[in-house]
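Scroll down for the structure; my scribbles are underneath it.
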Amino acid sequence: MNTIAAISTAPGIGGIGIVRMSGENCFKILEKVFKQKKYQNIKNIKGYSIKYGNIVDNGEIIDEVLVSYFKSPKSYTSENMCEINSHGGIVIMNKILDLCIKNGAELAEPGEFTKRAFLNGRMDLSQAEAVIDVINSKTDKEAKVSMQQLQGNLSEKIFEIRKEIISIMADIEASIDYPEYDLQEVTNENILNILNKVDKILLSLENSFYNGKILKEGISTAIIGRPNAGKSSLLNVILNEERAIVTDIEGTTRDIIQEYISVEGVPLKIIDTAGIRNSNDEVEKIGIKKAIDIARSSDIVIAIFDINRELNDEDKQILSLLENKNAIIILNKVDLERKIDINDIAYLKKPIVEMSTKNREGIDELYKEISQVFKLKEIVTDGETIISNVRHKNIIINSRKNLDRARETINNNMPIDIISTYLKEILEELGKITGETVTDDVIAEIFSKFCLGK
């Protein structure tokens, strides 16, 4: 394959920047642009070693660098690789990248280094997908689950299942090849036992998706309430910074503000919204509509009420949004006189937290209630195989459907060779997770979501 190059560090200014190359001519191209302080022939340079020197262009020093050498097959891509560690800064890194391309490398596509690792057999497809999940992790728990998949946790489960299915197919072949021994009854019993065992593993993986989805996508959390109830103040308390503008003027927040925090190792996507009220301001009305739409689509709603103001029709509209929703009610400004009758709210049977955003009181109780609603403490990542990828979930569902059809075939006393059709479908489906049976289009789509240089 051709030699590819790309900047592997994020755009911007930093202490170090990395330009990565991979391919058969990697070291030939490197020798044209890199001058070692103490020259050593590439044949004598060991893999996993670093050389010091300068990147030069027609004798002009571009930067002082360290170059890491990785020799095939012991590299990330299983090809010859190098990483040029330069000073950070987009100008310097672009110059180095341009030099590599000028001397024979080609600009890598998004995810092409990891794609080569997959195509060269260094990792399977589920492990390759875990790479981008590790990069995008927002909490420790999410990173841990992604790293377990990268290390082959899911792959081992799939291998175990495929091994069981193949053993069933061997029993079927024996029954067909030696009909005189009347093996079908015994074979059917063995097949059912193994299918039940496989179904238990697949069901466990399917059920893990709920927790995996929470860890990966986070919990969409809408903060709603009337103007000046304390929504933006609550956001600032949660983030521990002055993220949202807080004034005594009603209708300050007109558009959504979105930030992530971590509760029990799970990401919460906190969305501050415009105050819900009757308004003649066209811009504010757009913000109010957005607030209502977000409340309806979010995983949980935090409805905040000013305890110093009696409930009115606007509050009742807000309360109506909480029906059939995961929701927590906050009674804010408990440092002021109480004018809300809690019985007017208690009928919803939602958790109620009393707070003072001004004095930063009650925030721990809010986190506790969120944790209880989603049972966050029960999300255990140690030793658990958790899937967080929708593609994997759909494949597992399809596999279980074929497994059910195979069991129905046995229970209906149909010819034993018919079962093989469904078993082959299961193998085909599960192979899509690890990459054995996946199409080129799916591979291209998966790696197109990666960043450049990875």
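The values are calculated or read from the model by the stated rules, or taken from the named source; none is laboratory data. Note that this is a predicted model, so its numbers are computed, not measured. Cβ atoms come from the backbone with ideal geometry, glycine included; neighbour counts cover every protein chain shown.
Restricting segment 143-194 to residues that are small (Gly, Ala, Ser) and under 30 Å from Gly121 (Cα atoms), which is modelled with the highest pLDDT? Break it down stepwise before answering.
From segment 143-194, those small (Gly, Ala, Ser) are 143, 146, 152, 155, 167, 170, 174-175; that's our starting set.
Next, only the ones that are under 30 Å from Gly121 (Cα atoms) stay: 143, 146, 152, 155, 167, 170.
Numbers: Ala143: 89, Ser146: 90, Gly152: 91, Ser155: 94, Ser167: 85, Ala170: 81.
It comes out as Ser155.
List the strands (runs of 3 or more DSSP E) that sit entirely inside segment 29-102 and contain at least 3 residues that are within 35 Å of the chain's Cα centre (by Cα) and surrounded by 18 or more Cβ atoms within 10 Å (Cβ to Cβ). Working first, answer last.
Details: elements: 34-36, 49-57, 60-70, 81-87.
Output list reads 60-70, 81-87.
Looking at Glu369, is it farther than 30 Å from Val198 by Cα, of a type in the set (Asp, Glu) and outside any helix (DSSP H, G or I)? Please lay out each step first, then the result.
On the way: farther than 30 Å from Val198 by Cα: yes; of a type in the set (Asp, Glu): yes; outside any helix (DSSP H, G or I): no.
No: the conditions fail for Glu369.
Just to be sure I understand, how many residues within segment 435-454 are assigned to a helix (DSSP H, G or I) and closer than 15 Å to Asp124 by Cα? Even if it seems obvious, please write down each step before you answer.
Taking segment 435-454 first, the residues assigned to a helix (DSSP H, G or I) are 440-448.
Now narrow it down to the ones that are closer than 15 Å to Asp124 by Cα: 440, 442-444, 446-447.
Residues flagged as assigned to a helix (DSSP H, G or I) and closer than 15 Å to Asp124 by Cα within segment 435-454 amount to 6.
Surrounded by 14 or more Cβ atoms within 10 Å (Cβ to Cβ) and farther than 30 Å from Asp133 by Cα: does that describe Val353? Explain how you work it out, then say what you get.
On the way: surrounded by 14 or more Cβ atoms within 10 Å (Cβ to Cβ): yes; farther than 30 Å from Asp133 by Cα: yes.
For Val353, the condition - surrounded by 14 or more Cβ atoms within 10 Å (Cβ to Cβ) and farther than 30 Å from Asp133 by Cα - is met.
Can you tell me how many residues in segment 336-366 are outside any loop (DSSP other than H, G, I, E, B) and of a type in the set (D, E, K, R)? Working first, answer last.
From segment 336-366, those outside any loop (DSSP other than H, G, I, E, B) are 343-346, 352-354, 356, 361, 363-366; that's our starting set.
Narrowing the set further to residues that are of a type in the set (D, E, K, R) leaves 344, 354, 361, 364-365.
Going through segment 336-366 one residue at a time, the tally reaches 5.
Here's a check for you: in segment 4-28, which residue that is part of a loop (DSSP other than H, G, I, E, B) and small (Gly, Ala, Ser) is modelled with the lowest pLDDT?
Only one residue tops the list, namely Gly12.
Quickly run through segment 129-163 and pick out the residues that are surrounded by 15 or more Cβ atoms within 10 Å (Cβ to Cβ) and among the charged types (D, E, K, R).
Keep residues of segment 129-163 that are surrounded by 15 or more Cβ atoms within 10 Å (Cβ to Cβ), which gives 129-134, 137-139, 141-150, 152-155, 157-158, 161-162.
If the condition is that a residue be surrounded by 15 or more Cβ atoms within 10 Å (Cβ to Cβ) and among the charged types (D, E, K, R), then Glu129, Asp133, Lys138, Lys141, Glu142, Lys144, Lys157, Arg162 are the ones that fit.
I need every pair where a residue in segment 426-443 that is closer than 15 Å to Gly152 by Cα has its Cβ under 7 Å from the Cβ of a residue that is surrounded by fewer than 15 Cβ atoms within 10 Å (Cβ to Cβ) and not acidic (Asp, Glu), sequence separation at least 6 or different chains.
Going by the 7 Å Cβ cut-off, the qualifying pairs are Gly431/Thr437.
Can you name the number of the only condition in (1) at pLDDT 95 or above; (2) farther than 21 Å from Leu119 by Cβ that Met81 fails?
Just one mismatch for Met81, condition (2).
Of the residues Ile370, Ile318, Ile397, Ile416, only one is buried (at least 16 other Cβ atoms within 10 Å of the Cβ), in contact (Cβ under 8 Å) with a residue 24 or more places away in the chain and outside the structural domain of Ala295 (by TED's automatic domain parsing); which? Give the derivation first.
On the way: Ile370 fails: outside the structural domain of Ala295 (by TED's automatic domain parsing); Ile318 fails: outside the structural domain of Ala295 (by TED's automatic domain parsing); Ile397 fails: buried (at least 16 other Cβ atoms within 10 Å of the Cβ).
Step by step, each of Ile370, Ile318, Ile397, Ile416 is checked, and only Ile416 is buried (at least 16 other Cβ atoms within 10 Å of the Cβ), in contact (Cβ under 8 Å) with a residue 24 or more places away in the chain and outside the structural domain of Ala295 (by TED's automatic domain parsing).
Tell me which residues, restricted to segment 421-448, are hydroxyl-bearing (Ser, Thr, Tyr) and crowded, with 17+ Cβ neighbours inside 10 Å. Walk me through how you get there before you give the answer.
As a first pass, look at segment 421-448 and keep what is hydroxyl-bearing (Ser, Thr, Tyr): 421-422, 434, 437, 439, 448.
If the condition is that a residue be hydroxyl-bearing (Ser, Thr, Tyr) and crowded, with 17+ Cβ neighbours inside 10 Å, then Tyr422, Thr434 are the ones that fit.
Which numbered condition trips up Lys200, out of (1) in a strand (DSSP E or B); (2) surrounded by fewer than 21 Cβ atoms within 10 Å (Cβ to Cβ)?
(1)
Are any of the residues in segment 105-121 surrounded by fewer than 21 Cβ atoms within 10 Å (Cβ to Cβ), in the same structural domain as Val33 (by TED's automatic domain parsing) and without any contact (Cβ under 8 Å) to a residue 60 or more places away in the chain?
For segment 105-121, residues surrounded by fewer than 21 Cβ atoms within 10 Å (Cβ to Cβ), in the same structural domain as Val33 (by TED's automatic domain parsing) and without any contact (Cβ under 8 Å) to a residue 60 or more places away in the chain: absent.
Quick one: how many residues across segment 200-236 are without any contact (Cβ under 8 Å) to a residue 40 or more places away in the chain and closer than 25 Å to Gln317 by Cβ?
The qualifying residues number 1.
Could you list, in sequence order, all residues of segment 283-311 that are within 30 Å of the chain's Cα centre (by Cα), part of a helix (DSSP H, G or I) and not hydrophobic (A, V, I, L, M, F, W, C)?
Filtering segment 283-311 for residues within 30 Å of the chain's Cα centre (by Cα) gives 287, 289-303.
Those still in the list that are part of a helix (DSSP H, G or I) too: 287, 289-297.
Within segment 283-311, Gly287, Lys289, Lys290, Asp293, Arg296, Ser297 qualify.
So is Gly383 outside the structural domain of Val301 (by TED's automatic domain parsing), over 19 Å from Asn312 (Cα atoms) and either touching a helix residue (DSSP H, G or I) at 6+ places or on another chain (Cβ under 9 Å) or at pLDDT 85 or above (or both) or not?
Details: outside the structural domain of Val301 (by TED's automatic domain parsing): yes; over 19 Å from Asn312 (Cα atoms): yes; either touching a helix residue (DSSP H, G or I) at 6+ places or on another chain (Cβ under 9 Å) or at pLDDT 85 or above (or both): yes.
Yes; evaluated as a whole, the condition is true for this residue.
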